[in-house]
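K.L.:
Mind having a look at this structure? Questions to follow.
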Amino acid sequence: MLKFLVAVLAMMMLAVPPAGQTQQTYDTEEVKNTKQARAALEAMVQALGGDAWLNMKNQVREGHIAAFYHGNPNLGTTKFYEFHEWPDHDRIEFTPHRDVMQFYLGREGWEITYRGKKALPKDQVDEFLRRRDHSVETAVKVWLKDPKTILIYEGQRLAERHLAEQVTLISAQNDSITIQMDKQTHLPLRRSYQFRDPVYKDKNLEAEEYADYHLIEGLPTPFSVTRMRNDEMVRQVYIDKVSYNQPLAPDFWDVDAAAAKIKK
């Protein structure tokens, strides 16, 4: 899809306008499309909470994760506690005792258990960083602010039985993020991107779908997040509790300090 969008954009930029149509009129259609895309994204930001969402210090989520393989659920769910601080600090605690932790700090990933601290496998870190690099938050706070980012309004689509507006952002590196927003509420329903498999070199489509929004501290928050790969469900995240702008201990993001607190 990305190649198609780039090709269409190139044709729009290079094509000669029809006889009797000035270049100024022709350019207006391209500018109009960009403005429409930006307006849709700005409406989404306002729906998410506006300045309060843009300036939140951190987000804390508590819930369960169910894994799927070829559309079939694995037995049971995993309890988790997740902390996110913009732009690149993430901490996830697993099990009811919260004695298994993962840290994603900058471009590095660490795991802590009763055995101590160790680096996470590269493929696991890469997968997490791809999601973070293509999140709705990153799309707004980084991509949308870059004057080199191309915005394309792609009209209306059906997303999870909701009428949605679809916008694609294309970075200067020819990477892309596609966001579908509810036509009525303007809240994000789906975010997707493509990446090339490091082993097989074929392209994969990663997506997250958002549902069951609740108003938490003035911020609409999805309590159901479904992760898809090539249109096949791989994870279902069920949120039980969310809070924002929580005071965290000075050493909260210190991996060694967290490891020292785990009972051996």
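K.L.:
Quick test for you: out of GLU42, GLU30, pick the one residue that is farther than 25 Å from THR226 by Cβ, acidic (Asp, Glu), part of a helix (DSSP H, G or I) and out of contact with any helix residue (DSSP H, G or I) (no Cβ under 6 Å at 6 or more places or on another chain). Before you say what the answer is, go through the steps one by one.
P.N.:
Values: GLU30 fails: out of contact with any helix residue (DSSP H, G or I) (no Cβ under 6 Å at 6 or more places or on another chain).
Selected residue: GLU42, the only one of GLU42, GLU30 that is farther than 25 Å from THR226 by Cβ, acidic (Asp, Glu), part of a helix (DSSP H, G or I) and out of contact with any helix residue (DSSP H, G or I) (no Cβ under 6 Å at 6 or more places or on another chain).
K.L.:
Is it fair to say VAL234 is of a type in the set (Val, Ile, Thr) and closer than 23 Å to PRO96 by Cβ? Show your work before the answer.
P.N.:
Values: of a type in the set (Val, Ile, Thr): yes; closer than 23 Å to PRO96 by Cβ: no.
Here the answer is no, as VAL234 does not meet what is asked.
K.L.:
Does at least one position in the range 232-251 carry a residue that is charged (D, E, K, R), under 19 Å from the mean Cα position of the chain (by Cα) and more than 30 Å from ALA119 (Cα to Cα)? So that I can check it myself, show each step before the final result.
P.N.:
Our first condition is that a residue be charged (D, E, K, R); within the range 232-251, this holds for 232, 235, 240-241, 251.
Applying the additional criterion that residues be under 19 Å from the mean Cα position of the chain (by Cα) yields 232, 235.
Checking which are more than 30 Å from ALA119 (Cα to Cα) leaves us with none.
Scanning the range 232-251 turns up no residue that is charged (D, E, K, R), under 19 Å from the mean Cα position of the chain (by Cα) and more than 30 Å from ALA119 (Cα to Cα).
K.L.:
To continue, here is another question. Give the range 140-181 a look and list any residue that's closer than 18 Å to ALA211 by Cα and either in contact with a helix residue (DSSP H, G or I) (Cβ under 8 Å, 6 or more places away or on another chain) or of a type in the set (Phe, Trp, Tyr) (or both), or say none. Walk me through how you get there before you give the answer.
P.N.:
Let us first name the residues in the range 140-181 that are closer than 18 Å to ALA211 by Cα, namely 157-166, 178-181.
Matches in the range 140-181: GLU165, ILE179, MET181.
K.L.:
Are there any pairs with C-beta distances below 7 angstrom linking a residue in the range 199-217 that is modelled with pLDDT of 95 or more to a residue that is polar (S, T, N, Q) and exposed (fewer than 13 other Cβ atoms within 10 Å of the Cβ), with the two at least 6 apart or on different chains, and if so which?
P.N.:
Pairs found: ASN204/ASN230; LEU205/ASN230.
K.L.:
If I go through the range 182-205 residue by residue, how many of them are in a strand (DSSP E or B) and in contact with a helix residue (DSSP H, G or I) (Cβ under 7 Å, 6 or more places away or on another chain)?
P.N.:
Total satisfying the criteria: 4.
K.L.:
Would you kindly identify the strands (runs of 3 or more DSSP E) lying entirely within the range 56-164 that contain at least 1 residues that are crowded, with 18+ Cβ neighbours inside 10 Å and touching a residue at least 40 places away in the same chain (Cβ under 8 Å)? Give the derivation first.
P.N.:
Details: elements: 59-69, 78-85, 89-94, 100-105, 108-113, 116-119, 150-159.
Counting at least 1 such residues, we get 59-69, 78-85, 89-94, 100-105, 108-113, 150-159.
K.L.:
Give the residue that is surrounded by the fewest Cβ atoms within 10 Å (Cβ to Cβ), with candidates limited to residues of the range 226-262 that are assigned to a helix (DSSP H, G or I) and in contact (Cβ under 8 Å) with a residue 12 or more places away in the chain. Give the steps one after another, and end with the answer.
P.N.:
Taking the range 226-262 as the starting set, the residues that turn out to be assigned to a helix (DSSP H, G or I) are 255-261.
So of that shortlist, the ones also in contact (Cβ under 8 Å) with a residue 12 or more places away in the chain come out as 255-256, 258-259.
Values: VAL255: 17, ASP256: 11, ALA258: 19, ALA259: 19.
Once the filter is applied, the top-ranked residue is ASP256.
The values are calculated or read from the model by the stated rules, or taken from the named source; none is laboratory data. Quick caveat: nothing in here was measured; it's all calculated off a predicted structure. Glycine also receives a Cβ, built like all others from the backbone with ideal geometry; neighbour counts cover every protein chain displayed.
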